[in-house]
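Encoded as structure tokens, the structure appears first; notes follow it.
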Amino acid sequence: MNTNNMVAMILAGGRGSRLFDLTKTEAKPAVHFGGKYRIIDFTLSNCANSNISTVGVLLQYESVLLSSYVSNSSYWGLDMKGGGVYALSPREKDESNLSVYKGTADAITQNIDFLDNAEAEYVLILSGDHIYKMNYEKMLEAHISANAEATIAVMEVPKKEASRFGIMNCDENDQIIEFEEKPANPKSNLASMGVYIFNYKTLRRFLKEDEKNHDSSHDFGKDIIPAFLANNLKLLAYRFKGYWKDVGTVESLWEANMDLLDDNSKLDLFDPNWKIYTGDTLAGPQLIGSKAKIDNAYITQGCVVDGEIKHSVLFTNSVVQEGAKIVDSVLMNDVKVGKNVRLYKCIVVDGVKIPDGMTFGSKNSKEVLLVTKKLVSEVE
Amino acid sequence: MTKALGIINIEPFYVKVEGIEDFRPISASSILGRYRVIDFVLSNMTNSGIYNIDLQVKNRPRSTIQHISRTNYNINTKKGNIRILYGEKPVVNEIYNTDIAALASNMEFFDESNAPYVIMAPSHFIYVQNFRKMLDYHIKSGNDITALYQNVNSAQEAFLMCDTFDIDKNKRIKVMNKNLGKHKHEKISLETYIMSKDLFKKLVNEAKGVSSIYSFSDILADNLDSLKVGSYCHNGYAACLSTLKAYYKASMDIKREKELHKMINDDWPIYTVTNDTCPTLYAPGSKINNSIVGNGCVIEGTVQNCVIGRNVIIKKGAVVKDSVIMPDTFINKNVKIEKCVVDRLAIITHIKELKGTAEDPLYIGRGDRI
């Protein structure tokens, strides 16, 4: 297989504190999504499908589970000789003491030796907590043919939301002339997706400079990209069309799951040409019982359903007993729902058992309720 | 690690699964939505700590070879191995194609293993059995051979032509017969034997000397007086997939929740090959109950009392009842299917009604367009 000389570095160290209990003991990229996946499966599968052979995953917050998970390179077919998935946590080095990753750019700076060893010509910087399908190889082609020093993937967002993003102001050739982080009055609606390709040699030089600058926050958006622009280097905006979602909040995680039920959704997980790979479970086939009523659902291996499911997503090994009614909800892995339970617009956290007869959420609720062990025991 | 070499036998003469076997042996065919039949015996072995397994194949081995690799069955990648052994001699007539002929031609490979015991199991049965427990019993009992059997009360319609055992009060097998469907109750052989490797080799050689069409069960029957042949009772579900009807019935039987969870659970996982398919989407307006479903399906129509494989598409208005639908099948709008076994990759679009019976389920061939 043809592989390119681009090394991917996935930033996967964020706390994801707005996901509350879901990220209490595991990092956000490890959170389950869409029945059988973990969020980071999307970026890793994109790398595998884009013929990238070496992937570094930068870990910091609650990294034990995520580190062991991503080390299974074979899950994504990234286990060819000369490549692999490498879990990169902060480490003590000969010339420096142990230090946490101080920012997105610093995480890469601390692993310059890794990139040197991998003989990277191009470096692809990614976030491990976005849900989308993207061909990075095509982006690299655009980067090379434009002769750019850096290429940033952008997508059009609604004007009124633009102030939540890093916004690129471009010329008519999509060359970036200005970058504004969360501008109050955005001049364009091209938002950065946090996907960057750099010529490694140039990036290496800028990272080394940035390392010495004590005023820097060591962040790609705040420091490195502005430095590239200040030096008049060629920065290309690469337009992406399609499904993309940052699942940073309970609401957005719920929405992304609900998108899987939508026939018109641009997130097609059935496409055999761009499969999303994941660690396989040993769960049996899903079992739909004689009392089950299913109207629009996304259900995976190991689920046992005897209740009513309406417009909901069921993750691996979740069980819904007779008489229960689940509406507009997400049941994560190993959730057990007792008899005659009612759930409306909830995300039930992994492993939570809901006793018979309980109700969570309400039909017309605007907000998504995160059903945790603690919440269930309070109601009990 | 259990001190035994696992040998998975080829299917005997009486296995004739109409249709399905035109494309692959029954052992390699899809079952319960996401497995192959052979996953059960292989998982029995690896869950019992047997990490060296020799798998005998005869006709049409492509499907088996594609499916088998040690990483998929939780076999130690350094100390364990699955080998596929092919009885290399061409045979002039199918009756010479016995397990003895296949075993004899691969004898040198069995010698390579230094395990003192052999566990030989069939590839056309479905059951869950801890072979380690059976081996412990074998060693303690002082038997020369221990054979696994099932108390069956449906021997008039199922397990036809399988061996039956008559057992004395010391659990020794005294008489072996073929099940001709005369009696309801029989002790049916599950064609699973434990013995020392030396005895195994001796019996294979002896059988070869007696007759060219001898099978292992024939030579066992000959030796009931001279050897201590003990029995070990299997508890739980067992089926012999020797006909299309038996395959259909086993699919429907195991589909029941209790049976499925007794056979497949965290303590006794059934390993198989991952296909990286996404979960199944049940569209608005679909109706489904009493079924097991593999991943990657899109269900828009009505499904009742079925086993649905991976990546099956059932369009709006289609009604599928009491059927086994193998993976990658497409069932178009308004098609009615009842009591059928639909093989992989079939496309059913123009004919609007297909109907079999429980006694004689209708078989739709692999890749057929109807």
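The values are calculated or read from the model by the stated rules, or taken from the named source; none is laboratory data. It should be emphasised that the depicted structure is a prediction, and the values quoted were computed from it without experimental measurement. In this analysis, Cβ positions are derived from the backbone assuming ideal geometry, glycine residues included, and neighbour counts consider all displayed protein chains. Accessible surface is based on the protein model in full, side chains and every heavy atom, while ligands, DNA and RNA are left aside. Shrake-Rupley method; radii C 1.70, N 1.55, O 1.52, S 1.80 Å.
Using a 10 angstrom Cβ neighbour count of at most 10 plus a DSSP loop assignment to flag exposed trypsin sites (Lys or Arg not before Pro), which longest range of chain B is free of such sites?
Numbers: sites that count: B:Lys78, B:Lys79, B:Lys169, B:Lys182.
That gives B:183-370 as the longest site-free run.
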**OP:** Calculate the mean, over all residues of peptide A:270-277, of how many other protein chain Cβ atoms lie within 10 angstrom of the residue's Cβ.
**Re:** 3
Subject >> Spin-label pair A:Lys159/B:Lys169, simplified geometry with 7 Å Cα→Cβ offset, distance in nm >> reply: 9.7
Original post:
In straight Cα distance, which lysines are under 18 Å from A:Lys241, not counting same-chain residues fewer than 8 positions off?
Top reply: A:Lys133, A:Lys138, A:Lys159, A:Lys266
**OP:** Can you spot the aspartates and glutamates whose alpha carbon is less than 18 Å from A:Lys160's alpha carbon? Ignore those fewer than 8 places along the same chain.
**Re:** A:Glu180, A:Glu181, A:Asp246
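Can you tell me how the stretch B:281-364 classifies by the Cα gyration tensor, rounded, prolate or oblate, using a/c under 1.5 as the rounded cut? Don't skip to the answer; put the middle values down first.
Working: a/c = 1.38, a/b = 1.31, b/c = 1.05.
Taking the square roots of the gyration eigenvalues as a ≥ b ≥ c, the stretch B:281-364 is rounded.
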Subject >> Of the trypsin sites (Lys or Arg not before Pro) in the stretch A:285-380, those whose Cβ has at most 12 other Cβ within 10 Å and which sit in DSSP loop >> reply: A:Lys363, A:Lys366
Original post:
B:Phe13 versus B:Cys233, label points 7 Å from Cα toward the beta carbon: distance in nm?
Top reply: 3.2
**OP:** Only loop residues by DSSP count here, and only those with at most 13 other Cβ atoms within 10 Å; note down the trypsin sites (Lys or Arg not before Pro) in the stretch A:236-275 that meet that.
**Re:** A:Lys241, A:Lys266
Original post:
Considering only DSSP beta bridges whose two residues both sit in the protein assembly as shown, what percent are antiparallel, to the nearest 5?
Top reply: 35
**OP:** Would you give the gap between the C-alpha center of the stretch A:216-273 and the C-alpha center of the stretch B:296-317, rounded to a whole Å?
**Re:** 34
Original post:
Which value in nm describes the separation of the simple spin-label points at A:Ser290 and A:Ser265, placed 7 Å from the Cα toward the beta carbon?
Top reply: 3.3
**OP:** Note the angle between two axes, namely the Cα long axis of helix A:40-49 and the longest principal axis of the Cα atoms of chain A, as a number of degrees from 0 to 90, rounded to the nearest 10.
**Re:** 60
**OP:** Go ahead and estimate [θ] at 222 nm for chain A from helices alone: -39,500 (n - 2.57) per DSSP H run with n ≥ 4, summed, over the residue count, rounded to 500.
**Re:** -5500 deg cm²/dmol
Subject >> Average Cα contact separation per residue, chain A, under 8 Å, 6 or more apart, as relative contact order % >> reply: 14
Subject >> Solvent-accessible surface (1.4 angstrom probe) belonging to A:Glu378, in square angstrom, nearest 10 >> reply: 120
Original post:
Taking Cα atoms, how many degrees apart are the long axis of helix B:131-141 and the longest axis of chain B, rounded to 10 and kept between 0 and 90?
Top reply: 20
Original post:
Under the definition of partner shielding as Cβ atoms of other protein chains within 10 Å of a residue Cβ, what is the mean value for peptide B:254-267?
Top reply: 2
Subject >> Förster radius 25 Å - calculated FRET efficiency between B:Arg256 and B:Asp368 (Cβ-Cβ, nearest 0.05) >> reply: 0.30
Original post:
So what's the angle, to the nearest 10 degrees on a 0 to 90 scale, between helix B:244-255 and the longest Cα principal axis of chain B?
Top reply: 80
**OP:** Rounded to the nearest 100 Å², what's the accessible area chains A and B bury against each other, both chains counted, probe 1.4 Å?
**Re:** 2700
Subject >> Those aspartates and glutamates that a straight Cα-Cα span of less than 14 Å connects to A:Lys201, excepting residues fewer than 8 apart in one chain >> reply: A:Asp113, A:Asp116, A:Glu119, A:Glu121, A:Glu149, A:Glu209
Subject >> Solvent-accessible area, 1.4 Å probe, carbon plus sulfur percent, for the stretch B:123-169 >> reply: 46
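Given a 1.4 Å probe and every protein chain left where it sits, what share in percent of the accessible area of the stretch A:118-220 is carbon and sulfur? Walk me through the intermediate numbers first.
Details: 2080 of 4890 Å².
With neighbouring chains kept in place, the figure for the stretch A:118-220 is 43 percent.
Taking the solvent-accessible surface of protein heavy atoms with a 1.4 Å probe, what is the per residue accessible area of chain B in Å²? Walk me through the numbers before you get to the answer.
Working: 15380 Å² over 370 residues.
On a per-residue basis, chain B sits at 42 Å².
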**OP:** Could you work out the relative contact order of the stretch B:303-357, using alpha carbon pairs under 8 angstrom and six or more residues apart, expressed as a whole percent?
**Re:** 30
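Defining a contact as two alpha carbons under 8 Å apart and six or more residues distant in sequence, what relative contact order in percent does the stretch B:4-263 show?
On the way: 472 pairs, mean separation 63.4, N = 260.
Rounded, it is 24 percent for the stretch B:4-263.
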Original post:
For A:Ser252 and B:Asn76, what does the FRET efficiency come to when R0 = 51 Å and r is the distance between their Cβ atoms, rounded to the nearest 0.05?
Top reply: 0.75
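For B:His350, B:His234, write out the residues from largest to smallest accessible area, computed with a 1.4 angstrom probe and no ligands counted.
B:His350, B:His234
Which of A:Lys291/B:Lys249; A:Lys353/B:Lys287; B:Lys178/B:Lys201; B:Lys182/B:Lys262; A:Lys28/B:Lys333; B:Lys182/B:Lys339 have a Cα-Cα distance over 32 Å?
On the way: A:Lys291/B:Lys249 22 Å; A:Lys353/B:Lys287 27 Å; B:Lys178/B:Lys201 25 Å; B:Lys182/B:Lys262 30 Å; A:Lys28/B:Lys333 42 Å; B:Lys182/B:Lys339 27 Å.
Correct reply: A:Lys28/B:Lys333.
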